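Okay, structure first, notes after.
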Amino acid sequence: MSAPAESPTEQMELVAVVDQGQAGIRLDQFWMDRTRHLGITRSKIQAWIKNGFSRVDGRPCLRPGRRLATGERLELGKVPPQPALRPENQTLRIVYHDDDLVVLNKPAGLVVHPAPGLDHGTLVHRLLHHFPELSQLEGARPGIVHRLDKDTTGLMAVALTEVARLRLTAAFAERGVEKVYLALVHGRPDPSGLVDAPIGRHPTSKTRMAVVAKGGKPAHSEYTLLWTAPKDRFSLLSVRILSGRTHQIRVHMQHIGHPLLGDPTYCPAVNATWQSAIPGLNMVLQRPMLHAWKLGLPHPRSEEPMDFQVTPPKDIFQTILVGSRTTQRVGLTGMPGCGKSLLLAQLAGQGIPVWSADKAVAELYRPGQDGWELLQRHYGERFIPMPTEPVDKKALLQAMQEIPGLRREVEAMIHPLVKHHLHAFWKTHHAARVTVAEVPLLLESGWTSGFDLTVGLACDPPRRRAWLYANRGWDDNLLADMESWQWPEAKKLQSCDLVISNPGNREGLAQVARSLSKVLRWLRTQGVRRRLGHVQALVIPASQRECHVSTPR
């Protein structure tokens with residue numbers, strides 16, 4: 001392959017050292033001042049630098065705008081000959097091609113073109129194998145008219161002739177090309193927005209770009225919010241770029257406080273703290289979540305408009321599914337004596353984290369605990385005869401039966417503490433797929449908003465009463481009072497999302513627990529499929545829509 005057209009003469013080789021008075025000036029300005037007597041234009045010097053004919057302290061420098069430091073050794077001119085580009089027989093995902101251009105779907109992890117220190121394994125090397133005519137084009141980037149970052153997936157157009165290259169380059173420069181990306185970003189941005197912020201080199205990091213107040217190039221990104229994960233963890237955006245700056249979307253999204261998921265360069269650690277708490281998420285989130293989704297451009301020969309769209313890769317869907325995973329919070333309720341505690345024990349035996357409101361109250365009533373302190377403060381020794389003893393629940397229950405208004409007064413003090421205890425349980429088990437909380441007054445207390453599903457346990461009333469009389473020592477009066485403090489059984493069960501029955505024996509209840517676990521798993525799977533279907537409907541044409549992603553349970 002021939003050398004780049006823009007190159008110094010064979011004889012030209014300049015060497016210089018930056019003195020103190022030249023520190024801080026641009027590399028191209030330095031060489032322009034040095035070669036002014038030769039009649040070399042600044043644009044030509046910039047082209048030489050970009051084509052690899054400039055070195056700073058022995059290393060290639062392709063940035064004309066690099067600021068110089070005192071004592072740096074500069075070279076401009078002859079460079080070691082570049083190795084010829086060798087075709088590589090690797091897969092390409094071709095979307096469209098004809099005699100003038102090819103449109104392809106670039107995978108993650110593939111660099112577009114060779115660069116200093118990288119002379120193999122690029123997209124260009126693959127293109128040369130599949131389209132040998134590219135070897136007739138000059139330069140180390142034959143046919144490349146725009147680029148995607150190494151880990152960005154999606155649509156790219158490549159010219160197959162010099163005429164097509166010039167026309168496509170002009171179309172990009174004149175903003176005659178539409179480029180729309182899909183991006184997964186942290187948090188929940190406004191429903192839509194236009195980011196108008198110039199981009200330039202980061203003031204302290206050579207490998208990063210940044211929104212800069214001075215010296216940056218105009219950059220505009222227009223986004224639309226498509227979908228947001230539960231708890232506003234992250235969102236799916238479509239982003240149309242009206243300019244083509246390096247790392248534009250990544251920089252602009254960071255600038256508005258919603259950096260890309262999986263972006264090690266532009267995503268501060270504080271944005272990603274929740275990721276490690278979700279099992280499996282960091283295994284699928286291995287790159288910045290950016291995909292070149294749509295591409296519209298005029299055909300380089302006919303000038304007819306062409307529009308393309310490619311489905312996002314699997315890892316974007318996997319990140320959406322795994323990252324939006326939440327704990328299925330199940331509330332278990334029922335009438336006194338229906339067997340809630342026994343069912344809860346069976347579920348715990350299956351490895352499901354469980355919680356009991358009655359046990360939480362018992363803990364709160366222990367000496368020195370919050371419930372114990374509140375009751376002592378309000379009622380003295382009436383229900384706490386000894387300072388080292390727990391609350392006398394029997395005396396408290398009897399008083400609530402006898403004194404009008406006392407029950408509601410105690411509930412107003414204790415229920416917020418119980419609810420706080422429940423929230424602490426949820427926080428402890430935030431990574432669990434499902435949790436079950438037994439709350440006798442779940443419906444009556446209005447706590448259902450914190451649950452995804454309420455399950456009512458039905459039991460034959462005579463059997464319930466017999467069990468309470470034999471095992472709890474209740475009588476008819478206490479049972480009547482306790483049931484009067486709750487909704488009637490028919491209303492309670494009708495208000496639940498799911499009703500199951502206690503068959504009246506331990507073996508049967510164990511089978512009920514296993515069946516309930518299967519139903520809960522099925523509901524989770526259905527929820528995942530609904531979420532996947534919703535996202536697919538947003539980003540995949542109906543004719544191409546399939547479920548290629550395994551659905552985590």
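The values are calculated or read from the model by the stated rules, or taken from the named source; none is laboratory data. Just so it is clear, the structure is predicted and the values come from calculations on it, not from any experiment. Cβ: placed from backbone, ideal geometry, glycine included. Neighbour counts: every protein chain shown. Remember, those area values only see protein heavy atoms, side chains included, never the ligands or the DNA or RNA. Shrake-Rupley method; radii C 1.70, N 1.55, O 1.52, S 1.80 Å.
A few comments on the model shown:
- Taking (1) at pLDDT 95 or above; (2) open to solvent by less than 20 Å² (accessible area, probe 1.4 Å) in turn, S324 satisfies each apart from (1).
- Filtering region 374-389 to residues that are open to solvent by 90 Å² or more (accessible area, probe 1.4 Å), closer than 17 Å to M400 by Cα and part of a helix (DSSP H, G or I) leaves only H378.
- Among the candidates P462, P404, P416, residue that is open to solvent by 50 Å² or more (accessible area, probe 1.4 Å), assigned to a loop (DSSP other than H, G, I, E, B) and farther than 15 Å from L332 by Cβ: P404
- Just so you know, in region 327-360 the residues that are assigned to a strand (DSSP E or B), aliphatic (A, V, I, L, M) and open to solvent by less than 10 Å² (accessible area, probe 1.4 Å) include one that is farthest from G154 (Cα to Cα), and it is L332.
- Among the residues of this structure, S515 does not count as one that is modelled with pLDDT under 95 and of a type in the set (S, T, N, Q).
- Region 295-305 - residue that is surrounded by fewer than 16 Cβ atoms within 10 Å (Cβ to Cβ) and touching a residue at least 40 places away in the same chain (Cβ under 8 Å) and, of those, farthest from the chain's Cα centre (by Cα): R301
- Subset of region 169-185 (residues that are surrounded by 15 or more Cβ atoms within 10 Å (Cβ to Cβ), within 21 Å of I94 (Cα to Cα) and at pLDDT 95 or above): V177, K179, V180, Y181, L182
- Residues being under 26 Å from T448 (Cβ atoms) and part of a loop (DSSP other than H, G, I, E, B) are represented in region 277-289 by at least one member.
- Scanning region 503-521 for residues that are in contact (Cβ under 8 Å) with a residue 12 or more places away in the chain and either within 34 Å of the chain's Cα centre (by Cα) or open to solvent by less than 50 Å² (accessible area, probe 1.4 Å) (or both) yields G504, L509, A510, V512, A513, R514, S515, L516, S517, V519, L520, R521.
- Residue match in region 384-391 (condition: of a type in the set (S, T, Y) and closer than 24 Å to L422 by Cβ): no
- Annotation note: Cβ proximity below 7 Å between a residue of region 392-416 that is touching a residue at least 40 places away in the same chain (Cβ under 8 Å) and a residue that is of a type outside the set (A, V, I, L, M) and part of a loop (DSSP other than H, G, I, E, B) (sequence gap 6+ or interchain) occurs for R407/W485.
- Selected residue [outside any helix (DSSP H, G or I) and either in contact with a helix residue (DSSP H, G or I) (Cβ under 7 Å, 6 or more places away or on another chain) or within 30 Å of T319 (Cα to Cα) (or both)] from R147, R126, R175: R147
- Selection over region 206-215 of residues that are open to solvent by less than 30 Å² (accessible area, probe 1.4 Å) and part of a loop (DSSP other than H, G, I, E, B) gives a count of 1.
- Scanning region 391-401 for residues that are in a helix (DSSP H, G or I), open to solvent by less than 70 Å² (accessible area, probe 1.4 Å) and closer than 16 Å to W372 by Cα yields A395, L396, L397.
- Any hit, region 284-294, residues being open to solvent by 50 Å² or more (accessible area, probe 1.4 Å), of a type outside the set (A, V, I, L, M, F, W, C) and without any contact (Cβ under 8 Å) to a residue 24 or more places away in the chain: no
- When every residue of region 429-447 is checked against the conditions, none turns out to be part of a helix (DSSP H, G or I) and either touching a residue at least 40 places away in the same chain (Cβ under 8 Å) or more than 30 Å from P312 (Cα to Cα) (or both).
- Among residues of region 216-243, those that are under 20 Å from D196 (Cα atoms), part of a loop (DSSP other than H, G, I, E, B) and touching a residue at least 24 places away in the same chain (Cβ under 8 Å), counted: 4
- Flag if W487 is in a helix (DSSP H, G or I), open to solvent by 20 Å² or more (accessible area, probe 1.4 Å) and touching a residue at least 40 places away in the same chain (Cβ under 8 Å): no
- Whichever residue in region 189-205 is of a type outside the set (S, T, N, Q), assigned to a strand (DSSP E or B) and open to solvent by 60 Å² or more (accessible area, probe 1.4 Å) and, among such residues, is nearest to L68 (Cα to Cα): R201
- Residues within region 244-271 that are farther than 17 Å from G187 by Cβ and either open to solvent by 10 Å² or more (accessible area, probe 1.4 Å) or part of a strand (DSSP E or B) (or both), tallied: 6
- Some residue of region 23-30 being over 44 Å from the mean Cα position of the chain (by Cα), crowded, with 17+ Cβ neighbours inside 10 Å, at pLDDT below 90 and not small (G, A, S): no
- Only listed residue being surrounded by 14 or more Cβ atoms within 10 Å (Cβ to Cβ), at pLDDT below 95 and within 36 Å of the chain's Cα centre (by Cα), chosen from P107, P114: P114
- Single residue of region 129-142 satisfying the filter (part of a helix (DSSP H, G or I) and touching a helix residue (DSSP H, G or I) at 6+ places or on another chain (Cβ under 9 Å)) that is most open to solvent (accessible area, probe 1.4 Å): Q136
Condition check ((1) closer than 30 Å to K492 by Cα; (2) of a type in the set (S, T, N, Q)) across all residues:
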| residue | (1), (2) |
| --- | --- |
| Q275 | no, yes |
| P279 | no, no |
| P288 | no, no |
| W293 | no, no |
| R301 | no, no |
| T327 | yes, yes |
| S341 | yes, yes |
| P353 | yes, no |
| A362 | yes, no |
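- Scanning region 490-502 for residues that are open to solvent by 50 Å² or more (accessible area, probe 1.4 Å) and either in a helix (DSSP H, G or I) or modelled with pLDDT under 95 (or both) turns up A490, K491, Q494.
- Selection status of T435, within 30 Å of S324 (Cβ to Cβ) and not charged (D, E, K, R): yes
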